[in-house]
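The values are calculated or read from the model by the stated rules, or taken from the named source; none is laboratory data. Keep in mind it's a predicted model, so treat the numbers as computed, not measured. As a convention, Cβ positions derive from the backbone with ideal geometry for all residues, glycine included, and neighbour counts pool all protein chains shown.
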Amino acid sequence: MKWLKNILGASKAERLASVESVQQKFSLFQSVLERHNQVLKLISRLEERHQNRKLGSVQAVWDDFVQIQEGVREVIDRMIGLGGDAYLPLRSRLISILKEVENSLPGTQPVVKDDYVIPFSRLDRGRAHSVGGKNANLGEMKSHVGVPVPDGFAISAWAYLHFIEVNQLQERIDRLLQNVRIRQYKDLEVVSNDIREMVTFRSVPDDLAEAICAGFDDLASRSSRGRFALRSSAVWEDTTFTFAGQYVSFLNVGRDALLDRYKDILSSKFTPSAISYLLRHSLSEMDLAMGVVCMEMVDSVASGVIYTRDPLNPSGPHLLVNSIFGLGSYLVDGRLTPDVFHVSRSDENVVFSQVARKPVQLVMRAEGGVAEAPVPEAEQDRPSLNEQQLRLLARYALKIEEHYGEPQDIEWALDRSGELFLIQARPLKFPKARVVARIPEEFQSDILVKGGTPICAGIGAGPIYHLDSVGELDAVPRGAVLVVPYPSPKLVAVMHRISALVSLVGGNASHLATLARELSLPTIVNMQKAAEIPQDRTVTVDGGGGAIYDGCHPEWIPAQEEEAVQSEGSPSDAAVEGIVSRVTRLSVIHPNDPNFTPQSCDSLHDLLRFIHQKSMEEIFSSLKQTANKEDIGLRLKTKIPLFINIIYLDRCYLGNGGKRWVREDSIESLPMKALWEGVLQEGWPSRPVPADLKGFLAVVGTEVGEGRQPEFSENSYAFLSKEYMLLNLRMGYHFSTIEALVTPEPEKNYIRMQFKLGGAPLERRMRRIWIICELLKRIGFENFSQGDFLDTTTAYQGPEAMLERLRLLGRMTILTKQLDLTLSSDARARWYLNDFVQKLGLDN
Amino acid sequence: MLMKRAGEIMMPLEEFPYIPYWFTLRQALAELEEAEIKRANQKPIPWVILVFSARNQLLGIVRRREILQGLKPSLTPSKVRDYYPSVPDAASDQNLYRFGFSPEKAIQELRNQIERQIIEFMAPIQATVDYDDYAMVAIHLMIDRDLSFVPVVRDGQIVGLVYAEDVIHEVIKHIV
């Protein structure tokens, strides 16, 4: 039977197995790309927020970080599935990058032994490590600044430790954490809920409960108010990287609910991101120790926040007051638009007021808790503070600022008797001055082009320089406004010496966008019309506004002095920077560089880029090595004398029996369809040779005889899916492999062509490569050639642009068939290049 | 003195331009132009383009004569006779020919011809000599087939052309 098999080729089962294995590889490849893209989006979102100084809390950054690292881990797993054990080093590289992130974070200190309950009168700012920052500052203001602060006491971090110990929570939490093996965010949420539940259902140890109740009774006996609030006061808040639920507060807490609310505050810190932080750091949850504030509640008619400096204008001469009716929560969580007052720092005059409509307010309920109540119609538009109160508030605020020696962010409340209280103070954090371009109105008419996608804000001015090919970077003049056809990462080589960058196409998630943000280079992408601005025209680019103005306006570039006003970067800022850079920073190592290895990946972004590149290489080579390529799939029915086997990757189609042919007009693959349109447009050049010329067997100038190379013994074949194509074309004496992925998402798309061999002497083959390179450069490919081997790619384009390029590739394939033989001199090569440029319409 | 072999007196293949047979007259003309420039300081050799097939087999050659053949307008002296059947010596009447032939028309005609494929007007190869054949073999072939050159084959590949001039030169050395 063996002879029969030899005649018939592989058995049906074998062919089926071949198809299945290749389809499986392909779906792995797609899953790598899919996940890769999702993670890339997370990264670019983080980058964007970092760029725009909108990172928010450390916690939010950490949340992103956890999601991104999960994503990267998954991409790595899928990559190992696709490419095998060779990619195992990616795992260890990921681990060491994560370790580096941890090492860059500030450490924590052990909780100090202290009383469980400490009244404000015994506290000052030196006790922050014991009771948390909020408690310590309240004590400091009460005792050392001499401003009115409601009475209260702190429940210390030591008390928290006691609670955990007595209930043996440490062990239970550890056990729960051990089971979080995959470290999925969803798993973390489950564990988070478990731990919180556990904390809530334990009881407060008797001695601690006694101390808290005694403290409370003591406070109540001194207080005329009879209403109290519990607020969290995390120990390492503002000093290190903590996830304590800094902002959890319970208002109007009665004695009977006291202990339950205390536990609620303790449990509120076990957020999923805090847990992942613990896991990463092999910390005990002790390192996130929590103090709690218990203080008299001011039954406020108005409350709000005062900044001793205007964050938007830190050098300005006034303080900034925000104010609403009722309790302050509605201001902090943004429910109401507050009244805004500017009060002079020098004479406490109110220099500006903007009264907002305040239809509702938050008030205390007699039975405990709080409730929303309407503000009487007549009152709604009334200012919530009068001038006298504003002056007094300003005086207190300046006193606190003077005491602490830096701008402050202070919460205040006004009680029914008209008395002002300060209920929290902390250093004012300025958003890092985002350098906002202020372009005067009258220049609106000078806009040459607008509507691009802003990538990096800022102003850059200089002469326009159109760069047609990234191969000619040396020619880019210093200070130019560089206009490029597409965002190639290679541009990084000149980004330090240009004043702005404009790309005709592109989106937010390109590597170039990352680099531009990193270098703070004013950059706009997706701006086709920039191509029409003449070379050397002097322009000013507004990166944030996505517009290009006529003329040079360096005066629009905002002065940098605002930077100097910023407060020193706090440790948590440093932590944020450390995380962001380890996630997003991209080292620019070219895939052809021998250093393009997992070991040289310094960030999660690097890992992703490495995997992206390698996943393409892996699918490429595994498709090419598919067994029984000759026997599986369908044959393309075409007048072009090429035998092309088509193997569909997204459909089950053995092509056995029944239909064995695919008509040209029913190719179900976008890239293949486009390429083939190009081939047909040029048409197969050679008519059959007249019979009397045949049989003359001498061969000109071949170095590669038929059948001597395995590649040449094969027919052409194509692996296709709706959006993917891998076409191995044997065209006479050369072969080319064209791979393309064309999807609606530009970030995923790429075309890659490899081209090798030919029948002519090397010199002539190299001339053909030169012509092909020159043509490809003109349509946005990046070429890498060595001898007569060409490897060329293009990426990050929308589907239309990609399909157009494939059509051109199809035409070029025909035009350059056996061209190498004729290229006896460089002059001939130039002649053909010009000829083809005209033919393909690339000469504009 | 031994008589030289064909391989020793041939012009090696690298000296010649070659193009596939589906290339056009325009491309052949470009090759001709280029060759004119290149040959300024070289030993004058009769200019020729080798024409090969999709399997890189040598099919024929193109010389100036074939180029002219390719450029040949549709109206030739011999066709003039068809237009003037009543005039017996129309074909030899140059004036009659010129009469129907303006420069503008000529240029237009040439443009029409320029995309013709080479295979339509090339001269097919009729014979080859082996690299180790004596020069005399080439002479015999040239006389027999009325050729001015013969391709030289070695190991199944064309490696050069032997020209009548060079063969004669070699033979003269032995007989004079």
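Before we move on, is B:D166 away from every other protein chain (no Cβ under 14 Å) and at pLDDT 85 or above? Taking the combined requirement at face value, the residue does not satisfy it. Looking at the range B:131-163, which of its residues are surrounded by 13 or more Cβ atoms within 10 Å (Cβ to Cβ), among the β-branched types (V, I, T) and away from chain A (no Cβ under 11 Å)? Result: B:V137, B:I139, B:V150, B:V162. The residues of the range A:624-665 that are of a type in the set (A, V, I, L, M) and at pLDDT below 75, listed by number, are A:A627, A:I632, A:L654. The number of residues in the range A:111-146 being surrounded by fewer than 21 Cβ atoms within 10 Å (Cβ to Cβ) and in contact with a strand residue (DSSP E or B) (Cβ under 8 Å, 6 or more places away or on another chain) comes to 1. Conditions: (1) touching a helix residue (DSSP H, G or I) at 6+ places or on another chain (Cβ under 9 Å); (2) at pLDDT below 80. A:I524 meets all but one. Number of the miss? Only one criterion is unmet by A:I524, namely (2). Give A:R767, A:R830 a once-over and let me know the one that is surrounded by 22 or more Cβ atoms within 10 Å (Cβ to Cβ) and within 14 Å of chain B (Cβ to nearest Cβ). Within the list A:R767, A:R830, the selection yields A:R767. Of the residues in the range A:317-338, at least one is in contact with an Asp or Glu (Cβ under 9 Å, 6 or more places away or on another chain), buried (at least 17 other Cβ atoms within 10 Å of the Cβ) and at positive phi.
Which residue is modelled with the lowest pLDDT, if the candidates are limited to the range B:1-37 and must be in a helix (DSSP H, G or I) and over 18 Å from the mean Cα position of the chain (by Cα)? Please lay out each step first, then the result.
Just the residues of the range B:1-37 that are in a helix (DSSP H, G or I), to begin with: B:6-9, B:13-15, B:25-37.
From what's left, over 18 Å from the mean Cα position of the chain (by Cα): B:6-9, B:37.
On the way: B:A6: 87, B:G7: 87, B:E8: 88, B:I9: 86, B:I37: 55.
Only one residue fits best here, namely B:I37.
Restricting attention to the range A:587-628, the residues that are within 21 Å of the chain's Cα centre (by Cα) and assigned to a loop (DSSP other than H, G, I, E, B) total 6.
How about the range A:201-245: which of its residues are of a type in the set (D, E), at pLDDT 85 or above and over 15 Å from A:D151 (Cα atoms)?
Quick first cut of the range A:201-245, residues of a type in the set (D, E) only: A:206-207, A:210, A:217-218, A:237-238.
When the remaining residues are screened for being at pLDDT 85 or above, the result is A:206-207, A:210, A:217-218.
Hits for the range A:201-245 are A:D206, A:D207, A:E210.
Can you find, within the range B:114-130, the residue that is nearest to the chain's Cα centre (by Cα) among those that are buried (at least 18 other Cβ atoms within 10 Å of the Cβ) and more than 9 Å from chain A (Cβ to nearest Cβ)?
Initially, the range B:114-130 is screened for residues buried (at least 18 other Cβ atoms within 10 Å of the Cβ), giving B:117-119, B:121-122, B:125, B:128-129.
If we keep only those that are more than 9 Å from chain A (Cβ to nearest Cβ) as well, we get B:118, B:121-122, B:129.
On the way: B:I118: 11, B:F121: 10, B:M122: 7, B:V129: 18 Å.
Checked the range B:114-130; the qualifying residue nearest to the chain's Cα centre (by Cα) is B:M122.
Kindly indicate whether any position in the range A:83-103 is touching a helix residue (DSSP H, G or I) at 6+ places or on another chain (Cβ under 8 Å), part of a helix (DSSP H, G or I), modelled with pLDDT of 90 or more and among the β-branched types (V, I, T). No: the range A:83-103 contains no residue that is touching a helix residue (DSSP H, G or I) at 6+ places or on another chain (Cβ under 8 Å), part of a helix (DSSP H, G or I), modelled with pLDDT of 90 or more and among the β-branched types (V, I, T).
Only one of these is over 30 Å from A:L414 (Cα atoms) and either buried (at least 17 other Cβ atoms within 10 Å of the Cβ) or not basic (K, R) (or both): A:L161, A:L219. Name it. Step through it out loud before you land on a result.
Values: A:L219 fails: over 30 Å from A:L414 (Cα atoms).
From the options A:L161, A:L219, the qualifying one is A:L161.
Would you confirm whether any residue within the range A:771-788 is closer than 30 Å to B:L13 by Cβ and within 14 Å of another protein chain (Cβ to nearest Cβ)? Checked the range A:771-788: at least one residue is closer than 30 Å to B:L13 by Cβ and within 14 Å of another protein chain (Cβ to nearest Cβ). For the range A:670-685, the criterion of being within 14 Å of chain B (Cβ to nearest Cβ), surrounded by 16 or more Cβ atoms within 10 Å (Cβ to Cβ) and modelled with pLDDT under 80 is met by at least one residue. Could you say whether any residue in the range A:386-399 is of a type outside the set (G, A, S), closer than 25 Å to A:L251 by Cβ and touching a helix residue (DSSP H, G or I) at 6+ places or on another chain (Cβ under 7 Å)? Looking for residues that are of a type outside the set (G, A, S), closer than 25 Å to A:L251 by Cβ and touching a helix residue (DSSP H, G or I) at 6+ places or on another chain (Cβ under 7 Å), one finds none in the range A:386-399, hence no.
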